[in-house]
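Report on the following structure.
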Amino acid sequence: MIALEALLRQVRGLDAAELDQWIEARWVRPDRVASGYVFHEIDVARVHLIVELRHELLVDADAMPVILNLLDQVYALRNRLKSVAAAIEALPPETQVLIRERLSG
Amino acid sequence: MWWPRADRAMPRNERRQVCWREPLSNRGRLLPKDGTTLTEELSPRNDNTLATRTLGTCRKTAYIQATSSEKNMAARNPYEVLGVKKEATADDIRKAYRALAKKHHPDLNPGNKQAEALFKEISAAYDLLSDADKRARFDRGEIDEAGNEKPRAYAYQDFAEGAPGAKYRTSQENMSPEDLDDLFSFFGRGGFGQGSGGGRAGGGEGATIRMRGGDRQYALTVDFLDAVNGAKQRLELAPGKSLDVTIPAGVRDGQVLRLSGQGGPGLGGAPAGDALIEIRIAPHAWFRREGDDIHLDLPVTLGEAVLGGRVTVPTPTGAVTMTVPPHSNTGTVLRLRDKGVAGKGDELVTLKVVLPSEGDAELDTFLKDWAAKHPYDPRKGIRT
């Protein structure tokens, strides 16, 4: 985990005011502790992603919440699907076959 | 676009499934009829084969459509990659790049290896063609299209799908974990109870399923001192739903707290699952923690170090007064008993002699005189 200053140094083309807006809009959700913000790996990766979408692909600021929202839903679903897949894989082979037949039928 | 592919997450022994390959030229046609026995073994995908897994017979029929961008997979010429003419203006190239990049950005196509590969190709092509100098050199045949590919690291999806992604999943305004559970329990009920033919899987018609709710994982960052002393902290589970978590004194970094009954709802009157909260401890500006001991570097004046004296020392539970014995050097460690984590460990104070921030004529004069009379060699041990 890193602090705000370290993040600003690490991400090219990111300025403090912009990052503040993103945090305000909850696009990025660092943890708030007494000494300021703490960014975890996922927050840093998300900042990189938002920088790319905004600065390189010129995604409109108004469109960003829609994109991030849908993206978060996709990842949430993928996370759940993975756990469903893992649960199915733990079942006896006969049951797995039945499930596959159901899914492909 | 429906894109069948082998699931790499499958265990190794499952991978040797029977599958069916189709040359690219056949795209757009129908796959074989249901029931056709397929015997070909899955091989690593390359650009002109498609693989789909079945259980020995083809169960699924679907149209495969080739889009122009997929055909570009085989093409290496950057103009073809971006779908622009050789005489395209810089503006045309930029527009083409943005359109393609938006479509194939790996984070917008999570898990789609093809999109990722394509995006790398698109980025490399754009890097080359957007630079007038490089483009001219490429046109003259001085550099090749691959020479300028720069690798990009796409980290977000690696985190987003796993445990760390929970914070962005759970506070979604329009899809809470409850919605997801509803969705999957619906799948579950549909699979178990539906139709007379499905009776085998259901364990009898109309059987009520009782199932304990799933555990939910959360992460909570706590302040260093709250972790040492214990505290109550609010954790946002979902919009409008929060939980006051009691942080026990002395909690360790990475420790998981289990809050019983705060997870997903149970099915058929069964109890709810638990909330599993992983604690992360934020670093402190001057305290460090090793096991149950607290470590602190304490600056002392030259006078305090030489003559000794009483100094005020911060501890996790407040400041205390400590006696520095005369002739205490930098690196001297003094122990404050029971001032460690949750009254169990100690606080270990390492002294650090600090000179006055500004030069002092009186001190200089004194030392010139004193040093000449009292030579000593602190570097004896490290001389080669």
Legend entry - Sequence-distant lysines (8 or more away, or on other chains) whose Cα lies within less than 17 Å of B:Lys232: B:Lys241
Inset, instruction - Hey, can you grab everything whose amide H is under 5 Å from the amide H of B:Ala272? Only 5+ residues off in sequence or another chain; H modelled, so Pro and N-termini drop out. - result: B:Gly213, B:Gly266
Inset, instruction - Calculate the mean, over all residues of peptide A:65-72, of how many other protein chain Cβ atoms lie within 10 angstrom of the residue's Cβ. - result: 4
Inset, instruction - Partner chain Cβ atoms within 10 Å, averaged over the residues of A:47-57 - can you pull that number for me? - result: 4
Legend entry - Neighbouring partner chain Cβ atoms per residue of B:107-119, average, 10 Å criterion: 2
Inset, instruction - Using θ = phi - 60° and the Karplus relation 6.51 cos²θ - 1.76 cosθ + 1.60, list the HN-Hα couplings for the stretch B:224-230 in order, rounded to whole Hz, with x at every Gly or Pro. - result: 3, 6, 5, 5, 6, 9, x
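Relative contact order of chain A: what whole-number percent is it, with Cα pairs under 8 angstrom and at least 6 residues apart?
Numbers: 46 pairs, mean separation 22.0, N = 105.
The normalised contact order for chain A reaches 21 percent.
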Legend entry - In order through the stretch B:125-139: 3J(HN,Hα) via Karplus (6.51 cos²θ - 1.76 cosθ + 1.60), integer Hz, x for Gly, Pro: 5, 5, 3, 6, 7, 7, 9, 3, 5, 5, 4, 4, 5, 5, 4
Legend entry - Under 5 Å, built H, 5+ apart or other chain: amide partners of B:Gly309: B:Val324
Inset, instruction - Mind ranking A:39-52, A:5-18 by how tightly packed they are, going by the mean number of other C-beta atoms within 10 angstrom, highest first? - result: A:39-52, A:5-18
Legend entry - Hz values of 3J(HN,Hα) by residue in the stretch B:100-109 - Karplus curve (6.51, -1.76, 1.60), Gly and Pro given as x: 6, 5, 4, 6, 10, 4, x, 6, 8, 10
Inset, instruction - Would you mind telling me which residue in A:Leu91, A:Leu70, A:Leu19 has the biggest mean-square fluctuation in a Gaussian network model of chain A, where springs connect alpha carbons within a distance under 10 angstrom? - result: A:Leu91
Inset, instruction - With both partners inside the stretch B:292-379, how many of the DSSP beta bridges are antiparallel, as a percent to the nearest 5? - result: 60 percent
Inset, instruction - Name the long-range amide H neighbours of B:Ile281: under 5 Å, sequence gap of 5 or more, or other chain; modelled H, no Pro or chain starts. - result: B:Val222, B:Gly254
Inset, instruction - Can you tell me the FRET efficiency between B:Gln233 and B:Lys102 if r is taken as the Cβ-Cβ distance and R0 is 45 Å, rounded to the nearest 0.05? - result: 0.65
Inset, instruction - Return the whole-Å distance between the Cα centroid of the stretch A:84-99 and the Cα centroid of the stretch A:7-63. - result: 40 Å
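The numbers here are math on the coordinates, done by the rules we state, and not lab data. Everything quoted here is computed from the prediction, not taken from an experiment. Note that we place each Cβ from the backbone using ideal geometry, even for glycine, and neighbour counts take in every protein chain shown.
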